[in-house]
Amino acid sequence: MTIRVLVAEDQAAVRAALVMILRAEPDLEVVGQAADGEEAVRLALELRPDVVLMDVQMPRLDGVSATREVVAAGAAQVLVLTTFDLDEYVYGALRAGAAGFLLKDLEADALVEGIRTVARGDGMLAPSVTRRLIGTFARPGRTVGPDVREAVAGLTPREREVLACLGAGLSNGEIAGRLEMAEATTKTHVSRILAKLRLRSRVQAAILAQDLGLTV
């Protein structure tokens, strides 16, 4: 199965390097390139790629706002590119519905695997850096709306356990091992949690779990 990717990056040299890496993979197809946030949204709505590789800081429309529009329209999964000094922007992107994020200085293999992971519907929560980011900005005790708390109360005990594991940054395989169940069962629980809580990605679920102070 070919994964269709839209690359949104305002620096021409960086964008060209990303495209070159992706085009070297037989299962990845670069269907479009955007140099700013507005173009990224327009192309995402027009081309309907599987994944948008989204830079955070871009002209005309920043990556956080562009992510929000792309995800709200159901146009694609969004994988954000960032650097450590942009953590707050990344946090905003995750809340906007991004499926995860990667650092710009990552190796080519990690970039490719990240895109494949997001295309499969899994969030980029396994790397320790992601756990650090969520731990920094998700604050236990943060005000959570009563409708959200009611939805969380409606989860089964097992679903609450899975939600807590998501908050700890565990992958599906790690959750399966921790809770002693099949990985396929884990995926089913994650899907049900997202549906019940009306969340767009497992990353949003992880942040909510942190906000609620759920622990494993």
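The values are calculated or read from the model by the stated rules, or taken from the named source; none is laboratory data. What you see is a predicted model; the values in this text were computed from it and never measured. Neighbour counts run over all protein chains shown; Cβ positions are idealised from the backbone, glycine included. These area figures cover heavy atoms from the full protein model, side chains too; ligands, DNA and RNA do not enter into them. Shrake-Rupley method; radii C 1.70, N 1.55, O 1.52, S 1.80 Å.
When the Cα positions of Val30, Leu61, Ala153 are compared along the charge dipole of the chain, Ala153 comes out farthest toward the positive end, with charges on each C-beta of Lys, Arg, Asp and Glu. In the context of the full set of protein chains, residues of the chain present 46 Å² of accessible surface per residue (probe radius 1.4 Å, heavy atoms only).
For segment 24-69, the Cβ-based charge dipole about the Cα centre amounts to some 200 debye (Lys, Arg positive; Asp, Glu negative; other atoms uncharged). With Cβ to Cβ distances under 15 Å as the rule, what net charge do the other residues near Ala35 carry (K, R +1; D, E -1)? The answer is -4.
Accessible surface of segment 1-53, 1.4 Å probe: 53 percent of it comes from carbon and sulfur atoms. Each Lys and Arg Cβ is given +1 and each Asp and Glu Cβ -1; about its Cα centre, the chain then shows a dipole of about 820 debye. Cβ under 13 Å from Val51's Cβ, Val51 left aside: what net charge do those residues give with Lys, Arg +1 and Asp, Glu -1? Local charge sum for Val51: -2. Computed as a quarter of the hull surface, the mean projected area of the alpha carbon convex hull for the chain stands at 11.4 nm².
Rounded to the nearest 500, the helix-only mean residue ellipticity at 222 nm of the chain stands at -16000 deg cm²/dmol, with each DSSP H run of n ≥ 4 adding -39,500 (n - 2.57).
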